[in-house]
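Where a number appears in this text, it was derived from the coordinates with a stated rule and is not lab data. Model, not experiment: these values are computed from the prediction. Cβ placement follows ideal geometry from the backbone for every residue including glycine, while neighbour counts extend to all protein chains displayed.
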Amino acid sequence: MRILSGKLRGSKILTNNNKTKGSEDFITRPTSDRVKETLFNIVQHGFNIDFANVSFFDCFAGSGAIGLEAISRGCLSVSFLEKNNAACECIQKNLANFNLNANGSGLGYRILNYDFFDKDLLLDNEFDVVFLDPPYEMARVSEVFLRLKELRVTKKNSLIIYESNKELVKVDKLEILKSRKTGKTHLSFLKFLN
């Protein structure tokens, strides 16, 4: 896997090759380059987002490929949320390989080693762009968005991107602004209704 565009273009991303115990499935499922390219083209050109002026929250971050792509495209504030320790170490190594330092402050790059559904997870940031890529078989869509609302990490006009293996048709209290299917992957671009 490589970074597709921006200042880190062509840089190789380390991925976590650990498998789930008793399974042939990998713990993390990286977003394909084709889906990543579609996602960032829509964000930049469909929503006219300038990454230099936004904060980005990569939830269920895995190797951190989506957040790293945002950094490469100019994003100065990215938080990675991932519950798996080995995946967090992988994100840390990727940041170090690109001479990017993660820190605990609200600015820069943060790695949060928590489960998205952990009730102890409290964040003091609101983000302009939130990317959600939960394990496809894990949680119901409604539970993911309910938890996102509880976390209070979105602003009035935050763009929420949801990656899944099924098309989102309707989500309570959210407006689907745009959706795109790339291969077997569905990307939905949403915002909370006021």
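Which whole-Hz ³J(HN,Hα) couplings does the range 72-80 yield from phi under the Karplus relation 6.51 cos²θ - 1.76 cosθ + 1.60, θ = phi - 60°, glycine and proline marked x?
Those phi angles translate into 4, 8, x, 5, 9, 9, 9, 10, 10 Hz.
Relative contact order of the chain, please, whole-number percent, based on alpha carbon pairs below 8 angstrom and at least 6 residues apart.
Computed over the chain, the figure is 17 percent.
Which cross-chain or sequence-distant (5 or more) residues have an amide H under 5 Å from the amide H of K178, H modelled 1.01 Å from N in plane?
Placed amide hydrogens put F189 under 5 Å from K178.
Using helices alone, I'd like the mean residue ellipticity at 222 nm for the chain: each DSSP H run of four-plus residues gives -39500 (n - 2.57), total over residue count, nearest 500.
So the helix-based figure for the chain works out to -6500 deg cm²/dmol.
What list of ³J(HN,Hα) couplings, whole Hz, do you get for the range 116-124 from phi and the Karplus terms 6.51, -1.76, 1.60, once you set θ to phi - 60° and write x for glycine and proline?
In residue order, the calculated couplings are 3, 8, 5, 5, 7, 6, 10, 10, 10 Hz.
Which label marks the calculated value of volume of the Cα convex hull per residue in Å³, given the options (i) 116; (ii) 215; (iii) 105?
Read-out from the structure maps to (i).
Over 25 Å between Cα atoms: which of K93/K166; K119/K178; K36/K83; K36/K166; K7/K93; K7/K178 fall into that group?
K93/K166; K119/K178; K7/K178
Out of residues 5 or more away from I111 or on other chains, whose amide H comes under 5 Å of its own, with H placed 1.01 Å from N in the peptide plane?
Distant-sequence amide H within range of I111: F80, N103.
Among DSSP bridges having both ends in the chain, what percentage is antiparallel? Round to the nearest 5.
Around 45 percent of the beta bridges assigned by DSSP in the chain are antiparallel ones.
So how do F51, F80 line up by other beta-carbon neighbours within 10 Å, fewest first?
Exposure proxy ranking, most exposed first: F51, F80.
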